[in-house]
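J.: A single structure is presented below for examination.
The values are calculated or read from the model by the stated rules, or taken from the named source; none is laboratory data. Keep in mind it's a predicted model, so treat the numbers as computed, not measured. Here the Cβ positions follow ideal geometry from the backbone for every residue, glycine too, while neighbour counts run over all protein chains shown. Note: accessible area is taken over every heavy atom of the protein model, side chains too, but ligands, DNA and RNA are not part of it. Shrake-Rupley method; radii C 1.70, N 1.55, O 1.52, S 1.80 Å.
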Amino acid sequence: MSAESTPDPAIPGPGQSRPTGPGHRGKGRRRRPRTGRRKALLVAAWSAAGIVVLGGTGAGFLYFKLNGNLTSVDIDAALGADRPEKADNGSENILVLGSDTRSGGNKKLGGGTDDGTARSDTAMIVHVYKGHKKASVVSIPRDTLIDRPDCTGTDGTDRPAADGVMFNSAYSTGGAACAVKTVESISGLRMDHYLEVDFSGFQNLIDDLGGVRVTTTEDIKDPDSHLDLRAGTHRLDGEQALGLVRTRHGVGDGSDLGRIQLQQAFVKALVDQVKDIGLLGNPKKLYDIADTATKTVTTDSDLGSVNSLMSFATGLKGIGPDKMHMVTMPVVYDPADPNRVLLEKTRADQVWTALKNDRPIPKSATEGTATGEAKGVVNTGE
């Protein structure tokens with residue numbers, strides 16, 4: 001996550017799981033899940049990279065309008081004191097979510113029915129190490145069957161704990177607070193911050209940034225995500241980028257895990273290019289990005305102002321793609337349902353222990369786990 005210059009202080013910124021043994025799945029592609037409401041934006045949450053752009057650009061105009069764009073949630077008030085302890089060494093954990101709500105501008109992009117609910121189709125724990133010079137990113141597959149803690153529902157009623165439910169149902173049950181509580185119960189890590197992004201915001205932000213350059217090593221064609229790319233180098237506009245991070249049937253084994261591998265590659269390409277965007281001499285473009293980014297994100301209350309976001313983003317500006325270690329939470333395919341995955345607890349504990357102690361995630365933590373078979377399909381454009 002990278003930005004190039006130091007901002008003025010007034011500059012606006014953007015805004016117990018089921019243990020399993022080794023799993024095995026048969027050869028062949030996974031069953032195609034229902035399209036529409038299930039095919040949702042995964043890496044939309046990484047519009048947060050656009051926030052980092054704003055953290056280092058050096059402009060300080062229209063502060064109050066941008067500040068009014070932001071939406072925030074008081075996670076601390078919702079969850080109370082019964083949470084993992086905060087780290088005291090300067091490291092931070094940020095839960096980044098992309099929701100698949102079909103309301104508003106997202107209905108056309110996401111397909112499906114606007115039934116008033118949403119799921120967290122992207123979930124990434126971003127661990128920023130002490131000194132804020134490097135980060136580890138752990139993607140949590142939405143199809144993971146987990147034990148959800150009790151939560152307060154979106155309608156204000158108490159929802160009892162539930163065993164063996166899909167991870168992304170936590171958000172539809174109790175919104176941001178329930179998603180944070182569920183992640184903390186799985187990992188034992190305190191989430192210091194929360195960022196959420198949606199479909200339309202992601203697409204608009206990519207367009208405002210001028211597209212993202214990537215190289216595909218094979219053809220990708222997926223009618224469900226409206227994506228048709230030949231192998232080669234492309235500058236993706238917002239619609240194409242949205243299709244890329246949503247596709248699952250066009251690459252790998254057709255699983256959500258393969259889609260996560262595409263997301264991770266796209267994130268690195270996006271972050272790599274953010275620093276090369278010439279904004280200092282283009283105040284209109286800068287404002288368009290700032291306006292889109294602050295409308296796109298929902299944050300925890302501690303980041304609920306552009307000054308707070310600016311300060312947060314500035315603290316991350318030294319973390320480029322070469323300083324980001326991206327993994328998927330260790331899982332195995334569910335023998336009872338190839339469209340679901342189960343937490344591989346022994347290896348996952350290695351991930352959580354490493355992050356809790358502010359150490360790199362060991363390679364052994366992800367060896368032998370389900371992958372999705374899409375690694376290397378997308379790379380940073382050369």
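J.: Under the rule a/c < 1.5 gives rounded, and otherwise a/b versus b/c splits prolate from oblate, where does the stretch 301-367 land using the Cα gyration tensor? Show your work: numbers first, answer last.
T.: Working: a/c = 2.72, a/b = 1.91, b/c = 1.43.
Prolate.
J.: Using the structure shown, select from LYS284/LYS317; LYS284/LYS323; LYS130/LYS268; LYS221/LYS317; LYS268/LYS295; LYS345/LYS375 the pairs with a Cα to Cα distance greater than 27 angstrom. Working shown, then result.
T.: Numbers: LYS284/LYS317 22 Å; LYS284/LYS323 31 Å; LYS130/LYS268 21 Å; LYS221/LYS317 35 Å; LYS268/LYS295 23 Å; LYS345/LYS375 23 Å.
Distance filter (> 27 Å) returns LYS284/LYS323; LYS221/LYS317.
J.: I would also like to ask the following. If ligands, DNA and RNA are left out, what is the accessible area of SER99 with a 1.4 Å probe, given in Å² to the nearest 10?
T.: Accessible area of SER99: about 10 Å².
J.: Using only the alpha carbon atoms of the stretch 243-382, find the Kirkwood hydrodynamic radius as the inverse mean reciprocal pair distance, in angstroms to one decimal.
T.: Numbers: mean 1/r = 0.0561 Å⁻¹.
Result for the stretch 243-382, one decimal place: 17.8 Å.
J.: Of HIS325, HIS127, which has the most accessible area with a 1.4 Å probe, and how do the rest follow in descending order? Mind showing how you got there, number by number?
T.: Working: HIS325 80, HIS127 0 Å².
Descending order: HIS325, HIS127.
J.: Right, here's the next one. With all protein chains present, calculate the accessible area of MET326 using a 1.4 Å probe and round the result to the nearest 10 Å².
T.: 30
J.: Going highest first, how would you order 86-96, 299-309, 177-187 by mean Cβ packing within 10 Å?
T.: Numbers: 86-96: 17.8, 299-309: 22.1, 177-187: 24.2.
The packing order, highest mean first, is 177-187, 299-309, 86-96.
J.: Once the mean 1/r over all distinct Cα pairs of the stretch 138-189 is inverted, what Kirkwood radius in angstroms do you read off? Display every interim value, and only then the final one.
T.: Values: mean 1/r = 0.0931 Å⁻¹.
Here the Kirkwood hydrodynamic radius works out to 10.7 Å.
J.: Under 1.5 on a/c is rounded, so check that first for the stretch 118-221, then, if it is not, pick prolate when a/b is larger than b/c and oblate when it is not; a ≥ b ≥ c are the square roots of the alpha carbon gyration tensor eigenvalues. Please list the in-between numbers first.
T.: Numbers: a/c = 1.92, a/b = 1.56, b/c = 1.23.
Note, shape of the stretch 118-221 comes out prolate.
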